[in-house]
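Participant: Got a structure for you, written out below as structure tokens; questions coming shortly.
The values are calculated or read from the model by the stated rules, or taken from the named source; none is laboratory data. Small disclaimer: the values here were computed from a predicted structure and weren't measured. Neighbour counts run over all protein chains shown; Cβ positions are idealised from the backbone, glycine included. Heads up: the accessible areas ignore ligands, DNA and RNA and are worked out on the full protein's heavy atoms, side chains in. Shrake-Rupley method; radii C 1.70, N 1.55, O 1.52, S 1.80 Å.
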Amino acid sequence: MTKQELLYEGKGKKLYKTDDENLLISEFKDDLTAFNAEKKGSEQGKGALNCKISTELFHLLEKNGIKTHLVKTISQTEQLVKKCKIVPIEVIVRNIATGSLSKRLGIKEGTILPFTLVEFCLKDDALGDPFINDDHCLLLNLVQNENQIKEIKDIAKKINSILLPFFDSKNLRLIDFKIELGFTKDNELVLADEISPDSCRFWDKATNEKLDKDRFRQDLGNVKMAYEEVLKRIMG
Ligand code: 5GP
């Protein structure tokens, strides 16, 4: 498999073409961004940590029946992935209130939600990834029909139901996370992008210490140490 020209560069990853038109190489970057890239930073080795964490979690999900874009992890920072048409919706799954949910709706940070909350944001940096509802998804033709919205929500909740007990067994509370889905050439809806401390919130079960990108967002320090701790617990 040969790596060819850069197809797309996002905030956390670069996507390269390969000699197979159905496969891409996803390279995890060390860059850190927050607040729609208004805040920028970098942590050497962060890309490799996220690549490893995301690989482990995608394998766990695959083993439990979730289809993903991952074909194979080919280096410390690179994954061979199926080319997908990404659904331009950031799917956010929440177990505990914090972040923008607490800010928007005044729900006290740390409140355990009575059920798994799934929210949608339009994946559009220029608009600041605004929150959208099911009708907006149809209005903007982000999905073809209501069944696809249900399918997306069902996949998101199933992923949560697999990850919650897994992280609990690692003494981590899975507070919330963001996923992206895409359609493969065979029109199969699969989990794409990554699942890592860049896209999830993890709190230590005993102390509620934040072990995710909030350490960067809120200038709490020890960003890389937190990502290393998450990897250590996942592997332990
Ligand atoms: P919030 O809406 O509270 O800012 O974020 C909810 C969850 O989704 C958090 O776990 C956060 O890391 C993730 N999230 C929201 N927007 C983005 C985004 O644009 N990029 C990434 N990587 N994660 C996001």
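Participant: For Val71, work out the one condition from (1) assigned to a strand (DSSP E or B); (2) under 20 Å from Arg215 (Cβ atoms); (3) open to solvent by 50 Å² or more (accessible area, probe 1.4 Å) it doesn't fulfil.
Facilitator: (2)
Participant: Name the strands (runs of 3 or more DSSP E) wholly within segment 167-217 that hold at least 1 residues that are at pLDDT 95 or above, within 26 Å of Val71 (Cβ to Cβ) and open to solvent by 20 Å² or more (accessible area, probe 1.4 Å)?
Facilitator: Details: elements: 172-183, 189-192, 200-204.
It comes to 172-183.
Participant: Go through (1) more than 15 Å from Val190 (Cα to Cα); (2) outside any helix (DSSP H, G or I) one by one and return the number of the condition Val143 breaks.
Facilitator: With (1) more than 15 Å from Val190 (Cα to Cα); (2) outside any helix (DSSP H, G or I) applied to Val143, the lone miss is (1).
Participant: Right, next: Six or more apart or on different chains, Cβ under 9 Å: which pairs go from a residue in segment 220-231 that's outside the structural domain of Ser196 (by TED's automatic domain parsing) and hydrophobic (A, V, I, L, M, F, W, C) to one that's assigned to a helix (DSSP H, G or I) and open to solvent by 70 Å² or more (accessible area, probe 1.4 Å)? Could you list them?
Facilitator: Leu231/Lys52
Participant: When segment 182-200 is examined, which residues are found to be away from the ligand (no atom under 12 Å from the Cβ) and within 10 Å of the chain's Cα centre (by Cα)? Reasoning before the result, please.
Facilitator: Going residue by residue through segment 182-200, those that are away from the ligand (no atom under 12 Å from the Cβ) are 182-192.
Result: Leu191, Ala192.
Participant: Further question on the same structure: If a residue has to be surrounded by 12 or more Cβ atoms within 10 Å (Cβ to Cβ) and within 9 Å of the ligand (Cβ to nearest atom) to count, how many in segment 98-111 make the cut?
Facilitator: From segment 98-111, those surrounded by 12 or more Cβ atoms within 10 Å (Cβ to Cβ) are 98-102, 107, 109-111; that's our starting set.
Subsequent filtering for residues that are within 9 Å of the ligand (Cβ to nearest atom) retains 98-102.
Selection size over segment 98-111: 5.
Participant: While we're looking at this one, here's another question. What's the number of the condition Gly10 fails, among (1) over 17 Å from Ala226 (Cα atoms); (2) open to solvent by 30 Å² or more (accessible area, probe 1.4 Å)?
Facilitator: Exception for Gly10: condition (2).
Participant: Conditions: (1) within 30 Å of Thr2 (Cβ to Cβ); (2) of a type outside the set (D, E, K, R); (3) out of contact with any Cys (no Cβ under 7 Å at 6 or more places or on another chain). Ser161 meets all but one. Number of the miss?
Facilitator: (1)
Participant: Right, next: On the given criteria, is Glu78 under 26 Å from Glu229 (Cβ atoms), open to solvent by less than 40 Å² (accessible area, probe 1.4 Å) and touching an Asp or Glu at 6+ places or on another chain (Cβ under 9 Å)? Reasoning before the result, please.
Facilitator: Working: under 26 Å from Glu229 (Cβ atoms): yes; open to solvent by less than 40 Å² (accessible area, probe 1.4 Å): yes; touching an Asp or Glu at 6+ places or on another chain (Cβ under 9 Å): yes.
Considered against the rule, which asks whether it is under 26 Å from Glu229 (Cβ atoms), open to solvent by less than 40 Å² (accessible area, probe 1.4 Å) and touching an Asp or Glu at 6+ places or on another chain (Cβ under 9 Å), Glu78 comes out as yes.
Participant: Considering Glu56, Glu21, which residue is in a loop (DSSP other than H, G, I, E, B), touching a residue at least 60 places away in the same chain (Cβ under 8 Å), at negative phi and open to solvent by 50 Å² or more (accessible area, probe 1.4 Å)? Working first, answer last.
Facilitator: Working: Glu56 fails: in a loop (DSSP other than H, G, I, E, B).
That would be Glu21, the only listed residue that is in a loop (DSSP other than H, G, I, E, B), touching a residue at least 60 places away in the same chain (Cβ under 8 Å), at negative phi and open to solvent by 50 Å² or more (accessible area, probe 1.4 Å).
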